[in-house]
Amino acid sequence: MVASKTATPRHRDDREVFAGTGEPVGRPRRRDDRKVAWLFLAPVLVGFALFYAYPTVLGVYYSLTDYGMLAAPNLVGAENYRDLVDDDKFWNALEVTGYYVVLNIVSQTVLALALATLMHRLTQSVAIRAMLLVPWLVPNVTVGLLWMWMLDANIGFVNHVLRAVGLGTTGFLTSPTWAMPTVAGINTWAYTGYTALLLYAGMLQIPRYLYESASLDGAGEWRMFTRITLPLLRPVLALVLVVSLIGSFQIFDTIAVTTKGGPVGATRVIYFYIYEQAFTNFRMGYASAIAVVLALLLGVLTAVQMRLLRASRSDLA
Amino acid sequence: MTPARTRTPATGIPLSRNPSGRIPLGRIAAWALLAVAAVATIFPFYWMVRTALTPAADLYTDGVGLLPENPTMINFLRVLGLTSQQEARAAGGSGAKVDFLRYLLNSFVYCGLITVVQTMCCAMAGYAFARLRFPGRDLVFGVLIAALMVPPIFTLLPNFVLVKNLGWLNTFAGMVAPSVLMTPFAVFFLRQFFLSIPREIEEAATLDGVGGWGMFWRVVLPMSRGPLLTIGLTTAVWSWKDFLWPLLTGRQEETRVLTVALGIFQQQSPNTQPDWTGLMAGSTLTVLPVLVLLIFLGRRLVESLNFTGIK
């Protein structure tokens, strides 16, 4: 679905021609654009080498050093990784991140699926879709501040309402128990519309006559959802799920604004822990080691994503 | 939000067959749910604007009404740096200098630079990978795409050290450096599009004597407005939302973007309570450009998700 309109080349590219002798029969002298090609590629290759390739290598190197940004790095072997194993805060960060990911992904996916189905069966209005996209379009910093204010323990709107209906007020973001579910809720609010639109785009690919004939056969909406929408959406759903997962593991902005990892580490997710180690404690080497672990984790997920990308294309496009 | 001509009728699939003329309860319930979602989406923004228009002194007494009792523009004026320090402090500010007009401009510069330059560079590369013939093409492209697997946090740490060592902290050069020239996804996306252009058009242009460079600028680019706009919009949205990287590399006034400014403003609470009216005025400034974008390019933006969303 991703690039269904753009994915299929009308012509095979000329790889095989080039890989061979480079002189296909029956054509005039083979074109070789290498001069102009390197010119076209120069900016991208420079950007790639300096800010992707080099830092990737450097990041792995830092993780094997005691680098603290003030003095030159010294190689310390696997010490950072050994420290990680005994670091309770690291394990806590993993646990807290996992907790967040589960809360966020489940609520976001269920709500987005419901929202996408409603839109799919009711309306194609661009205005409604645009409106649902707004929370995703604004910076997460804004989202965090907005909800911090809505949930303010004394004079936030939500607590006004809770008081009005006779429930006590809650300091949602200051309670160790409620902080993480609240953060997960905030980000669910921010990403549900976006996720719903991705799923909706997938639903548009399902042939409409399936619903028409099911309707003629007397099938209800729930039946159509479970028998038509869900099974045919599965590849898209899987892909959206993995993309959401990858994003979810990298939660940072909302937490940096609302809870700063607290209270007592209840929201100190892995990304925030890396940030703290690198820029508060100046332990760049140690932070890099944690980043390597996170990168491996996300690398696996991305590999799955790439597979699904191919699968979804062949299934539905 | 979108002009009337873009409105489309409902899908035309009967939600529930309704032969006897009974009230379509299911349909009404479904619309009601959608309405709830819409209200839940919009209300926090409404409340943000409402708070920004409330005098700070009223926050405790004027809590729940849908409209402020004494609406005021003072919060916008003071965060935009258009009032004196005393006036700002009297209206609930911390007394620290805030100049959101400047931060807004900085955000536009940051976002604009990345969007325009990155889109152009990636279009050139995408074209080269799609159409030009040169040794090592597929290998180079493969390596580039492999970079999609590296999460941003991983390159962020060394990139920060690099930018710091170059002496580029608190300059736009340092802030845009890692993303201004490329992202692997944009190269990938645009290459896919260029592959789909019928080759005959370029062959015809070749017969007219148009060469590689001219072919790209005068033949291929004009045909690619849609995809360029799609990828440009995606990049613009992401860089508008950027927080951590500009926080690390551009904290100073001269380069401070809106998101960073909000984060810093939040820390400068006057007393124990954050300066909510000021913060909501500042937050509103991050939302306004998004609304303008939606009004002019809403359809394009929404539909771009069909192709680029899965990133």
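The values are calculated or read from the model by the stated rules, or taken from the named source; none is laboratory data. Since this is a predicted model, take the numbers as computed values, not measurements. Note that each Cβ is placed from the backbone with ideal geometry, even for glycine, and that neighbours are counted across all protein chains shown.
Yes or no, residue by residue, for (1) modelled with pLDDT under 90; (2) crowded, with 18+ Cβ neighbours inside 10 Å; (3) touching a Phe, Trp or Tyr at 6+ places or on another chain (Cβ under 6 Å):
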position	(1), (2), (3)
A:Thr97	no, yes, no
A:Leu103	no, yes, no
A:Leu111	no, yes, no
A:Met119	no, yes, yes
A:Ser125	yes, yes, no
A:Leu137	no, yes, no
A:Trp149	no, yes, yes
A:Phe157	yes, yes, yes
A:Leu162	yes, no, no
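Each row is one residue, and each column tells you yes or no for (1) facing another protein chain (nearest Cβ under 8 Å); (2) buried (at least 18 other Cβ atoms within 10 Å of the Cβ); (3) part of a helix (DSSP H, G or I); (4) small (Gly, Ala, Ser).
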residue: B:Leu144; (1), (2), (3), (4): yes, yes, yes, no
residue: B:Ile153; (1), (2), (3), (4): yes, yes, yes, no
residue: B:Leu157; (1), (2), (3), (4): yes, yes, yes, no
residue: B:Val163; (1), (2), (3), (4): no, yes, yes, no
residue: B:Gly167; (1), (2), (3), (4): no, no, no, yes
residue: B:Asn170; (1), (2), (3), (4): no, no, no, no
residue: B:Met175; (1), (2), (3), (4): no, yes, yes, no
residue: B:Ala186; (1), (2), (3), (4): no, yes, yes, yes
Flagged in segment A:154-171 as in contact (Cβ under 8 Å) with a residue 12 or more places away in the chain and touching an Asp or Glu at 6+ places or on another chain (Cβ under 9 Å), in numbering order, are A:Val158, A:Gly171
For segment B:258-284 the number of residues that are surrounded by 17 or more Cβ atoms within 10 Å (Cβ to Cβ) and either over 13 Å from the mean Cα position of the chain (by Cα) or charged (D, E, K, R) (or both) is 17
Would it be correct to say that A:Trp91 is assigned to a helix (DSSP H, G or I), free of Cβ contacts under 8 Å to residues at least 60 places away in the same chain, of a type outside the set (Ser, Thr, Tyr) and crowded, with 18+ Cβ neighbours inside 10 Å?
no
Apart from one, (1) over 25 Å from B:Leu80 (Cα atoms); (2) assigned to a helix (DSSP H, G or I) all hold for B:Trp238; the odd one out is (1)
Note to self: Whether any residue in segment A:4-11 is in a helix (DSSP H, G or I), within 7 Å of chain B (Cβ to nearest Cβ) and either at pLDDT 50 or above or out of contact with any Pro (no Cβ under 8 Å at 6 or more places or on another chain) (or both) is what I want to check.
What the structure shows: no
Of the residues in segment A:203-262, those that are under 15 Å from the mean Cα position of the chain (by Cα) and more than 19 Å from A:Ala116 (Cβ to Cβ) number 7
Here the qualifying pairs (Cβ atoms under 8 Å; residues six or more apart or on different chains; first in segment A:47-59 and within 7 Å of chain B (Cβ to nearest Cβ); second in a helix (DSSP H, G or I) and of a type in the set (Phe, Trp, Tyr)) come out as A:Pro55/B:Phe154; A:Thr56/B:Phe154; A:Gly59/B:Phe154
Flagged in segment A:189-207 as touching a Leu at 6+ places or on another chain (Cβ under 7 Å) and assigned to a helix (DSSP H, G or I), in numbering order, are A:Thr192, A:Gly193, A:Tyr194, A:Ala196, A:Leu197, A:Leu198, A:Leu199, A:Ala201, A:Gly202, A:Met203
